[in-house]
Structure formats: C-alpha cells, structure tokens
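Let me begin by presenting the structure, written as structure tokens, before commenting on it.
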Amino acid sequence: MEKKNIDWGSLGFGYVKTDYRYVSNFKNGSWDEGALTTDDQITLSECACVFQYAQTVFEGMKAYTTEDGRTVVFRPDLNAERMVNSALRLQMPAFPKERFLDAVEQTVRANLNAVPPYGSGATLYLRPFMFGSNPVIGVKPADEYQFRIFATPVGPYFKGGAKPITIRVCDYDRAAPNGTGHIKAGLNYAMSLYAIVDAHNQGYDENMYLDSKTRTNVEETGGANFLFVTKDGKVVTPKSDTILPSITRRSLVHVAKEYLGLEVEERVVPFEEVKDFAECGLCGTAAVISPVGKIVDHGKEICLPSGMNEMGPVTKKLYDTLTGIQMGRIEAPEGWIKVIE
C-alpha cells in the first residue's frame, strides 16, 4: 500500500487526522456491531454524562513497521484488559476484550497508509476511548456509551534522542487511597494538569508524586511509572494500589529479568531511598523510557550518578532491548506482538 505523503521525520507528538476510526455504541444494555467511519466529529447533548461527571476512560498504544516490513501492535491484549478494569471502576459497561482487539486490528488495517515506515522514528499512535454519551443531570452513571478508536501518526517523543530530564517532588496529590489512581480515567489526568503546568513554569520537566496518605513513598508522575536502578545494577519499581499498571513498565520488568538477567524488585520505594539510586527513568507508551538526571525536593537537589547527558547504562540496555522487540530486531516473547495481516 502506498503511504501518505507525510514528512515522517518531521512529525511531532501531536494529532494528525487519518482516514478511518472505529465507533461502537452501547444502548439498551448492549453494544452494537460497531463499524469503521470516516467521520471524525462527535455530536452530543450539552448534558452528556461525560461533560457533567467526567465518565470517560481511555488507552494509548502504538502500531509499528518492523524491520522485515510487517505492521504490528505491541501487547494490545493488556490494553484491552486494563480498559475493562477502568470501565468497571467508573460503573461503565466493559467493551469486550476480543472486540477491542478486533477493533484495533480494523483501525490499523484501515489506516495502513498512515503507519510510518521502518527507520523513520515515527509510529502510528492509537487512542481507544469510551465515554458516557446520554444526558445525565443527577449524579449517576450514564445509560448509553460510545467506544471509539482513532489513529494518528506521531514522531519520536524525544527529537534527537532522549536526554535526561529534571523533575520535582510535587506538593499536590495525584491519587487517593481507594481512589482511581490504578485505572486510566480522564479525571486522573485532569487532576494533574495544574501541577504539570506549575512544574513547567518553575523550570521542571515533570512531577514526582508521593503517596497521598503518608507522603513518604514514591508513586508515579502524571503519566508514567518510575523505574530505578541501584548502584549494583538491580532494577526497582514502586508498588502501590494507586499506581497505574503501566504496560511498558511491566514489559521492561520482564525484559530486565528474562533478557538481561537482572534482579528486579517490585516494592514500596521510600523517597528517602531515591538519593541512593544510580539511575532513574519514567516509563510509558509515548517515550518507552524518559531518563531522569536530577530530582529536586523543595530546593534540595538529588543528582543521579548517570548524569544529565545521556541514559544510564542499565536504562539504555532496557530501552534498546524493548524497542528492539517492538521493531522486530529482537525475538519477542510469545503473545507480545500482534501482526496486522
């Protein structure tokens, strides 16, 4: 298939309209058959539940062109499972896993001309999302919902390579105990917007959120999980019921253990320990790993030994191995790669 006339190397991480998106509606207790459409507009009542009470969940994933020319999606089954969990927590009907996977495949196949070529550094970003669509004025769940997936080609998250960033310890809370921090709901990200803009205004790239109960343990940032490396090469990731279960982080943990033979600990990480780590990274779909060079705690700087010039050596191995799997240069574990036929 002939590709779109796009300067793939100049793409940023932003929205570019593609030809098709998938839409399915829930009404009278069941989902309709769903279909692809060229219409990118959504028409809703001004009183739709999504506007009044933020009843919406979403996912983020990518389609890639591998070294041998295949189009693949990375671990979409985990996105499907996480979206089911997110929907149920917000009292929304789950979109069935098998239908989710089929919708992803349909959307990618219909937009193959927008999947960037191998070696361009770009990918096709997929955004499945669901929202309460009927009018609701009293505080209650919606009765009707819409599930959609759109696709947009995006460039590499970091132009010119991933340079270590500076983050700050945040005074705001991202999620509460027994709240919604463990699901991918729009409301969680809305809560983080003030804090991230404030961080940027103060000269920082991101926030480090501590647990809201004791404010002593590392949780995550507004949109990524933390990954630390000890001075003896052990990989450590924070564990908490209010952390979003990042698919990238879970994949990196497997890579660390099974591909690189590293010891891994998934546990509570007291902030007091951070000064003793050798490397730190933020892991998520967009960048895979964003290296952290400096953490600032109310004026007190913690400078990671890995420095501000490049990724630390262990973080770099993790990044290279996982991206190698995604791009087909390294054999993937069974079930990780869904090929779009």
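The values are calculated or read from the model by the stated rules, or taken from the named source; none is laboratory data. Values in this document were obtained by computation on a predicted structure and should not be read as measured data. Methodologically, a virtual Cβ is constructed for each residue, glycine included, from the backbone with ideal geometry; neighbour enumeration extends over all protein chains shown. Heavy atoms of the whole protein, side chains included, go into the accessibility calculation; ligands, DNA and RNA do not. Shrake-Rupley method; radii C 1.70, N 1.55, O 1.52, S 1.80 Å.
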Inset, instruction - Can you send over the carbon and sulfur percentage of the accessible area for the chain, probe radius 1.4 Å, protein chains only? - result: 49
Inset, instruction - Can you sort 254, 298 by 1.4 Å-probe accessible area, starting with the largest? - result: 298, 254
Legend entry - Nearby aspartates and glutamates by direct alpha-carbon distance to residue 163 (threshold 17 angstrom, same-chain neighbours under 8 apart not counted): 205, 206, 279, 310, 320
Inset, instruction - Could you go through region 210-222 in sequence order and give the Karplus-derived ³J(HN,Hα) for each residue, using 6.51 cos²θ - 1.76 cosθ + 1.60 with θ = phi - 60°, rounded to whole Hz, and x for Gly and Pro? - result: 9, 4, 6, 7, 10, 6, 10, 10, 6, 10, 7, 9, x
Inset, instruction - Measure up 4/294; 62/275; 213/294; 184/317 against 32 Å on the Cα-Cα distance and list the ones that go over. - result: 4/294; 62/275
Inset, instruction - Take the alpha-carbon centre of region 109-150, take the same for region 235-260, and report the distance between them in whole Å. - result: 25
Legend entry - Pairwise centroid distance, computed over Cα atoms, of region 67-93 with region 310-341, Å: 18
Legend entry - the chain: most fluctuating residue of 45, 120, 251 per GNM, C-alpha cutoff 10 Å: 45
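What's the FRET efficiency of residue 28 with residue 137 using the Cβ-Cβ distance as r and R₀ = 22 Å, to the nearest 0.05? Present the calculation step by step, with values, prior to reporting the outcome.
Numbers: r = 21 Å, r/R0 = 0.93.
Computed FRET efficiency for residue 28 and residue 137: 0.60.
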Inset, instruction - Return the single residue from 41, 52, 106 with maximal mean-square fluctuation; model: Gaussian network over the chain, springs between Cα atoms under 10 Å. - result: 41
Legend entry - Qualifying aspartates and glutamates (Cα of each under 16 Å from Cα of residue 3; at least 8 residues distant if same chain): 19
Inset, instruction - Just grab the label-to-label distance for residue 17 and residue 308, each label 7 Å out from Cα along the Cβ direction, in nm (one decimal). - result: 4.2
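Please work out how much length the chain gains when fully extended from residue 257 to residue 37, using 0.36 nm per residue of separation minus the C-alpha to C-alpha distance, in nm with one decimal.
Values: separation 220, 0.36 × 220 = 79.20 nm, distance 4.25 nm.
So the chain would gain 75.0 nm between residue 257 and residue 37.
Which value, in Å², gives the accessible area per residue of the chain when a 1.4 Å probe is used on the protein heavy atoms?
Dividing the accessible area of the chain by its residue count gives 45 Å².
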Inset, instruction - Per DSSP H run of n ≥ 4, the term is -39500 (n - 2.57); total these for the chain, divide by its residue number, and report the mean residue ellipticity at 222 nm rounded to 500 deg cm²/dmol. - result: -6500 deg cm²/dmol
Inset, instruction - Compute the distance in nm between two label points, each set 7 Å from the Cα along the Cα-to-Cβ direction, one at residue 267 and one at residue 340. - result: 4.2
